[in-house]
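Rule-based calculations on the coordinates, nothing more; no lab input. Everything quoted here is computed from the prediction, not taken from an experiment. Note that each Cβ is placed from the backbone with ideal geometry, even for glycine, and that neighbours are counted across all protein chains shown.
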Amino acid sequence: MVAFANHLPVDYQVRGQKLRWFFKEALSDLLPEKIINKSKHGFGLPFGVWSMQYAPLGELVGDSLARFKQRGWIQPAYLDHMLAMQRGQHASYYGVMIWVVMMLEQWLQANEH
């Protein structure tokens with residue numbers, strides 16, 4: 001299915017503001033209208049909360065972001081701001097960006113030659 005989708009022209013994948021247009025059209029006779037036209041539901045990874053509650057994960061976050069700061073790709077003050085906000089009332093929101101930066105740093109460390 002993924003290989004097939006990769007070969008579809010862009011206007012089949014997105015038509016106007018409708019994502020997955022082709023698949024919705026193709027399956028409209030098989031799936032109930034309620035499924036075809038349901039609103040998007042997201043699942044937020046509670047990483048920010050987990051990293052505050054589980055000390056080893058919090059340490060990994062701190063170490064990863066400290067190493068990432070040394071790369072100079074993002075202003076250190078912004079990374080510090082993200083950490084401060086994640087440790088406060090915005091744990092879930094800033095946790096997502098911290099997860100992305102941490103995973104990038106972990107990947108970079110694993111793939112440095």
Need one number: nm distance between label points at V2 and E25, each 7 Å from Cα along Cα→Cβ, rounded to one decimal. 2.5 nm
I'd like the orientation of helix 55-71 relative to the chain: the angle between its Cα long axis and the longest Cα principal axis, in ° from 0 to 90, rounded to 10. 90 degrees
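What translational D, rounded to a whole number of µm²/s, comes out for the chain from Stokes-Einstein when the hydrodynamic radius is the Kirkwood one over Cα pairs, at 25 °C and 0.890 mPa s? The partial results should precede the final answer.
Details: Rh = 17.2 Å.
Using the Kirkwood radius from Cα pairs, D works out to 142 µm²/s.
Where does each of 79-85, 30-36 land if you order them by average Cβ count within 10 Å, highest first?
Values: 79-85: 15.6, 30-36: 10.1.
Ranking, from highest mean packing down: 79-85, 30-36.
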With axes computed from alpha carbons, what is the tilt in degrees of helix 91-111 against the longest principal axis of the chain, rounded to the nearest 10 within 0 to 90? 80 degrees
For helix 76-86, report the angle its Cα long axis makes with the longest principal axis of the Cα atoms of the chain; keep it between 0 and 90° and round to the nearest 10°. 70 degrees
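Just subtract the alpha-carbon distance of Q53 and V10 from 0.36 nm times their residue separation and send over the number in nm, one decimal.
Values: separation 43, 0.36 × 43 = 15.48 nm, distance 4.30 nm.
Here the answer is 11.2 nm.
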Computed over segment 1-96, the relative contact order (Cα-Cα under 8 Å, seq sep at least six) in percent reads 24 percent
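Is it possible to state the helix-based mean residue ellipticity at 222 nm for the chain, with each DSSP H run of 4+ residues giving -39500 (n - 2.57), the sum divided by total residues, to the nearest 500 deg cm²/dmol? What is it? All intermediate terms of the calculation are to be shown ahead of the outcome.
Values: 8 runs with 76 residues, N = 113.
The helix contribution divided over the chain gives -19500 deg cm²/dmol.
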Excluding same-chain pairs closer than 8 in sequence, count the lysine pairs in the chain whose Cα atoms lie under 23 Å apart. 6
Any idea how far apart L104 and I36 come out in nm if each label point goes 7 Å out from Cα toward Cβ? 4.0 nm
